[in-house]
Amino acid sequence: MITTVRTRYAPSPTGFMHVGNLRTAIYEYLIAKSNGGSFILRIEDTDQTRQVEGAVEVIYDTLKIAGLNHDEGPDIGGAYGPYIQSHRKTGYLEYAKQLVDKGAAYYCFCDKERLEELHRDGKEGISKYDRHCLRLSKEEIKAKLESGAPFVIRQLIPEGKTTFKDEVFGEITVDNKELEDQVLIKSDGLPTYNFANVVDDHLMEITHVVRGTEYLSSTPKYNLLYEAFGWEIPVYIHVTAVTNESGEKISKRKGAESIQQLVEKGYIPEAIVNYTTLLGWAPPDNREIFSLSELCDIFTLKGLSKSPSVFDYQKLKWMNGEYLKKMDFDEYYKLAEPVLKQSIKTAGIDLRHIGELCKTRIEFIRQIPSIIDFIDELPDYDIEMYTNKKMKTTSENSLDALKLLTDFLSAQEDFTNDAIYADTVKLAEEKGLKSSQLLWPLRTALSGKQATPCGASELCALLGKTESLRRLEIGIAKLESAQVEK
RNA sequence: GGCUCGUUGGUCAAGCGGUUAAGACGUAGGCCUCUCACGCCUGAAACAGGGGUUCGAUUCCCCUACGAGUCACCA
């Protein structure tokens, strides 16, 4: 029998998606796509008290940013709709009643007060529903229902043990004594998440249920439900949590950032997806840089980790730089151009070239201004920078060098990088100097910075003759006034 | 507290009874170079602890410690 793999990402619309959420979605997507299956989006909004404005849009937006295109969902439809749980409420009660008829569930009329009391009296923190309403006779139930008394429907957990198989954790057995008769249908008539989930997964023919390990302990109850209905149990894949440096599961409350915020901070979506996938999953080989479609080709359940992973910004930052380096130049330039335009007002500068120089030296586009800000305006710098042991320069010989260079550059006609470099080296040779003894002071005078995106000769070409000479003059003045002070 | 799960360098992680215990980020040092960066090379750094099983345990079993999850008419 050939069954198509169907996975679903089933978030509740809280208006926030962090890397933990994203990672679950990625794995669902990859499991489906690596098997030629379908990836479905379903919104789990059965809690009417927690509706958040615009929350569903955040989910659409995030999936789109990440490139996780779903095959079915509220916004695009599909053969198994509707894809918003609150829109499909009609069926749940009927299914719950089926369970009542089968003896796998029962009506409960206990009010909040009684339940609270029950919890309060519970010993040692263990408090299960006491099956008070299970004792009700058929007639009593009928009478209460007819009188319009509010009710819930609870799952009747049978005696024994329940075993289920998870693809990452293996077989897990739990004594049913640990399981509570959980509510299936709430008094507002809506299903609980736990019930809606089972019914919808079955109705939507979901083959692989992927979710966080927080559901590991309720999985036996799901299995009991599937068994009571006589439905086929899906493949379970429980994925571990993503934590912060302190080992706490990341959450909005703990200061996690949303995917949208990460993108706003300059992280490239592909890098976020790449890094997030590797957080809790290891590829069969040693590669680390993967596109989403490459991941589809090589993804296997085998690489999923059993222990939680700490989210490491440092490594994500590195990966972001890697993506920037390998990015197609035009695509990169589209991102860099606005930043370049803003930080360079000087006319006649080839921005594309500057962009090119920056490309391999940054991890974020926003780092560009700080490495090129000297172009518009020479920053005030410390003359200590002229002294460099390795370059064999001191403030004294730098002064001589700058004077020499002023004469030399004034006379220089070919103001291209190659020509200036070659001629400067030649000049140094003639004067019995190391080329660095000219080039180092030159770079310093032109940029006033410890680090520049290119060498001294290229700086000359970049700034032009007039500006270069002007900056040399400033350098000379700085060095001379320092000598006078001595 | 009960139950369930987990524990390889600072972090992500490979390993699936016999290895000098991979690799990556970070870190230290070096090389290259007109600076920085890129790139390249090298180094430091780990099997939580204790018992078994076995000729042999990071790998299998048990106990302890630590951590996580869960115990709602929330998802």
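The values are calculated or read from the model by the stated rules, or taken from the named source; none is laboratory data. Source: prediction; values computed, not measured. Neighbour counts are summed over all protein chains in view; Cβ atoms, including those assigned to glycine, are modelled from backbone coordinates with ideal geometry. The protein model used for the area step is the full one, side chains on, heavy atoms only, and it has no ligands, DNA or RNA in it. Shrake-Rupley method; radii C 1.70, N 1.55, O 1.52, S 1.80 Å.
Pop the C-beta distance of A:Arg50 and A:Gln260 into the FRET formula with R0 = 22 Å and round what comes out to the nearest 0.05. So the FRET efficiency works out to roughly 0.60. Compute the angle between helix A:329-343 and the longest alpha-carbon principal axis of chain A, please, reported from 0 to 90 degrees and rounded to the nearest 10. Approximately 70 degrees, to the nearest 10.
Beta-bridge orientation, chain A: approximately 55 percent antiparallel, per DSSP, counting only bridges with both partners inside. Computed packing ranks the peptides A:134-144, A:392-402 as A:392-402, A:134-144, most packed first, by mean other Cβ atoms within 10 Å.
Axis of helix A:112-121 versus longest Cα principal axis of chain A: the two differ by about 80°, to the nearest ten degrees.
For chain A, the residue among A:Gln367, A:Leu156, A:Tyr95 whose Cα projects farthest onto the positive side of the dipole built from Cβ charges is A:Leu156.
In this label model, A:Glu139 and A:Arg114 are separated by 1.9 nm, measuring between points 7 Å along each Cα→Cβ vector. The calculated 222 nm mean residue ellipticity attributable to helices in chain A amounts to -14000 deg cm²/dmol, summing -39500 (n - 2.57) over DSSP H runs of n ≥ 4 and dividing by all residues. Projected label points at A:Glu227 and A:Asp328, each 7 Å from Cα along the beta carbon direction, are separated by 5.5 nanometres.
At q = 0.12, 0.17, 0.18 Å⁻¹ the log10 of I(q)/I(0) for the range A:113-196 amounts to -0.50, -0.92, -1.00, computed by Debye summation with a single uniform scatterer per C-alpha, solvent ignored. First check a/c for the range A:319-445, with a ≥ b ≥ c the square roots of the eigenvalues of its C-alpha gyration tensor; if it is under 1.5, answer rounded, and if not, answer prolate when a/b is larger than b/c or oblate otherwise. Taking the square roots of the gyration eigenvalues as a ≥ b ≥ c, the range A:319-445 is prolate. Shown is the FRET efficiency for A:Ala477 and A:Glu356, computed with R0 = 35 Å from the Cβ-Cβ distance and rounded to the nearest 0.05: 0.60.
How large is the accessible surface per residue of the range A:419-486, computed with a 1.4 Å probe and reported in Å² as a whole number?
Per-residue value: 46 Å².
A:Thr49 sits with roughly 120 Å² accessible to a 1.4 Å probe, with DNA, RNA and ligands left out of the calculation.
Take the solvent-accessible surface of the protein heavy atoms, probe 1.4 Å, and return the percent of it on the range A:341-420 that carbon and sulfur atoms account for.
Its accessible area is 50 percent carbon and sulfur atoms.
The Kirkwood hydrodynamic radius of the range A:9-48, based on inverse pair distances between different Cα atoms, is 11.0 Å. Computed over all pairs of different Cα atoms, the Kirkwood value for the hydrodynamic radius of the range A:144-292 is 18.6 Å. Computed packing ranks the peptides A:346-358, A:5-17, A:66-78 as A:5-17, A:66-78, A:346-358, most packed first, by mean other Cβ atoms within 10 Å. Whenever you get a sec, compute what percent of the accessible area on the range A:150-218 sits on carbon and sulfur atoms (1.4 Å probe). The C+S portion of the solvent-accessible surface of the range A:150-218 is 50 percent.
Helix A:395-411 and the longest principal axis of the Cα set of chain A meet at an angle near 80°. Measuring from each cysteine beta-carbon in chain A, the ones with no other cysteine beta-carbon under 4.7 angstrom are A:Cys110, A:Cys296, A:Cys358, A:Cys454, A:Cys460. With R₀ fixed at 45 Å, the C-beta to C-beta distance from A:Asp175 to A:Ser291 puts the FRET efficiency at about 0.45.
For the Cα trace of chain A, dividing Rg by the Kirkwood Rh returns an Rg/Rh value of 1.21. Summed over the residues of the range A:175-298 and divided among them, the accessible surface reaches 41 Å² per residue at a probe radius of 1.4 Å.
Need one number: nm distance between label points at A:Asp71 and A:Glu384, each 7 Å from Cα along Cα→Cβ, rounded to one decimal. Here the answer is 6.4 nm between the modelled labels. Length gained on full extension, A:Leu335 to A:Ser12: 112.9 nm, using 0.36 nm per residue less the C-alpha separation.
What does the extension gain come out to for A:Lys306 and A:Lys465, with contour length at 0.36 nm per residue minus their alpha carbon separation?
Extra length available between A:Lys306 and A:Lys465 comes to 51.0 nm.
Overall form of the range A:316-391: oblate. Here a/c, set by the Cα gyration tensor axes a ≥ b ≥ c, is 1.5 or more, and a/b is not larger than b/c. Sorted largest first by accessible area at a 1.4 angstrom probe radius, with every protein chain in place, the residues A:Asp130, A:Asp45, A:Asp330 fall in the order A:Asp330, A:Asp130, A:Asp45. Computed over protein heavy atoms with a 1.4 Å probe, the carbon and sulfur contribution to the accessible area of the range A:1-60 reaches 48%.
Accessible area per residue for the range A:373-412, computed on protein heavy atoms with a 1.4 Å probe, is 54 Å². According to the square roots a ≥ b ≥ c of the eigenvalues of the Cα gyration tensor, what is the shape class of the range A:164-236, taking rounded for a/c under 1.5, prolate for a/b larger than b/c otherwise, and oblate for the remainder? Oblate.
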